[in-house]
Structure formats: C-alpha cells, structure tokens
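> Below you will find the structure I want to go over with you.
The values are calculated or read from the model by the stated rules, or taken from the named source; none is laboratory data. Please read all numbers here as calculations on a predicted model, not as lab measurements. Counting neighbours? That spans all protein chains shown, and the Cβs are built from the backbone with ideal geometry, glycine included. Heads up: the accessible areas ignore ligands, DNA and RNA and are worked out on the full protein's heavy atoms, side chains in. Shrake-Rupley method; radii C 1.70, N 1.55, O 1.52, S 1.80 Å.
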Amino acid sequence: ATATVRGTIDAVTADTRLSMSDVPGVGRVDGSFAVTASAAGVTVSQLRASALEGQIAGSASLGRGAAPILDAVLTGGLLDLRLVPEAKGLLAGTGHFRLEAAGPLSRPRGSLTAGLSAVTLSGYRLGEATAQLTFDDDGLVVEKLRVGRPGSGALELGGKIGHDGRLDLRGDLRRLPLDSILRPELNERLRLTGAASLEGIHVGGTKDRPEV
C-alpha cells in the first residue's frame, strides 16, 4: 500500500493505493481511495477497485462519539464468477450488487440487491439469479430470492435468517424444466422432458443444521 497525505490541521486526507492477494471469495484486489479524518469523523471517498475482472466503487462515513454512526454504499458490476478462488471449476456466470448500510456501528441496518446471469454450478445450468435482502436488529430478511431463467421455471424463496442462525424460509419451485438442470452429457443419455414443481417449501432449523 502507498499513501499521499494532504490537508490542514483540522482535516487530513490520505490518498491511498492498495493491492491485496488471497482475499477470501475474491482473490486479488487492486484499488484506490481517499480517507479524510476531521473533528466530525472519518470519511472514505473515491473508492475504486478491480476484482474478479469487474469493477467495485463505494463511499462511507463514520461519525465520532460514544455511538458512531455509519453511512456506507458499495456497488460492483461485471464480476466474473469463474474467478472466485473457492469455486474455480464449479461456478460460472457474471454478477453485480449494491450494498447500503446505515445506523449505529454496533448494529447497522441496510440492504443488499444482487443479480447473477448465465449461472452454472458444477455443470448444472441455473440461468438467472436475483436477490433482495435487508438486515435489521433481528437478522437478515430475504425479501426475494429467485433462481431460474426468464420465461421458464424458477425457485423463489423469502423469509428470515436470525442473528442466532435460525432459519425461517418459505417458497416454491415453479415449472423448472428437467432438461435445464441436468449436465448436457447426462441429458443426452436420459433425454428427460417435462417440468418439476414443488409448492410450500419450508426451510427451518439453523444455518449449521438446516431442515427442509
């Protein structure tokens, strides 16, 4: 990392360039940002980074005081899922996201929207995936989680994941073509047709021991 410091005694800014390797879930990250410290608090601006051959941008501020208040936005696009280190050879597709967080640093509230396109997992063609999540004092709320292909079948889930790890997710599997979820070489042999549907799916238990 390298940094150039500028400013006055009341507000100091460090323009920083940073390169990191072996970042979990991402691998290598190269980026730059400006950090400003003043009597009001700390702000991070002009955040630009490259990861998974895509682009990430964002900004954040953190006020001073006994209960610091956070306000942050982070976005990413054109992320190549094939480059996720922990899933090389298993996962493919491209993704984008927007993360917003605000409130007390000890437990902020916020939201995450994300989308994936042309997704395959271990050779299975999943198509598109979208997620709309919010988090609050009680945990993570899954407003919408949808996996499928436009105009075709899809798995849709919604519900809650508590801070204690408890799951309460409900959803449906609607008309998912059987030939779309098989490996191409397997489908060549089986030549399955038709669609799978399952209503009233409930996922309970905990993150460590889910129950369907």
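> If we keep just the residues of the range 75-96 that are open to solvent by less than 90 Å² (accessible area, probe 1.4 Å) and assigned to a helix (DSSP H, G or I), which is modelled with the lowest pLDDT?
Ala87
For (1) among the charged types (D, E, K, R); (2) at pLDDT 90 or above; (3) in contact with a helix residue (DSSP H, G or I) (Cβ under 6 Å, 6 or more places away or on another chain), each residue gets a yes or a no:
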residue: Arg98; (1), (2), (3): yes, yes, no
residue: Pro104; (1), (2), (3): no, yes, no
residue: Ser117; (1), (2), (3): no, yes, no
residue: Asp137; (1), (2), (3): yes, no, no
residue: Ser152; (1), (2), (3): no, no, no
residue: Leu169; (1), (2), (3): no, yes, no
residue: Leu173; (1), (2), (3): no, no, no
residue: Pro210; (1), (2), (3): no, no, no
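> Only one of Gly103, Gly115, Gly110, Gly58 is in contact with a Lys or Arg (Cβ under 8 Å, 6 or more places away or on another chain), open to solvent by less than 30 Å² (accessible area, probe 1.4 Å) and in a strand (DSSP E or B). Can you tell me which?
Only one candidate qualifies: Gly103.
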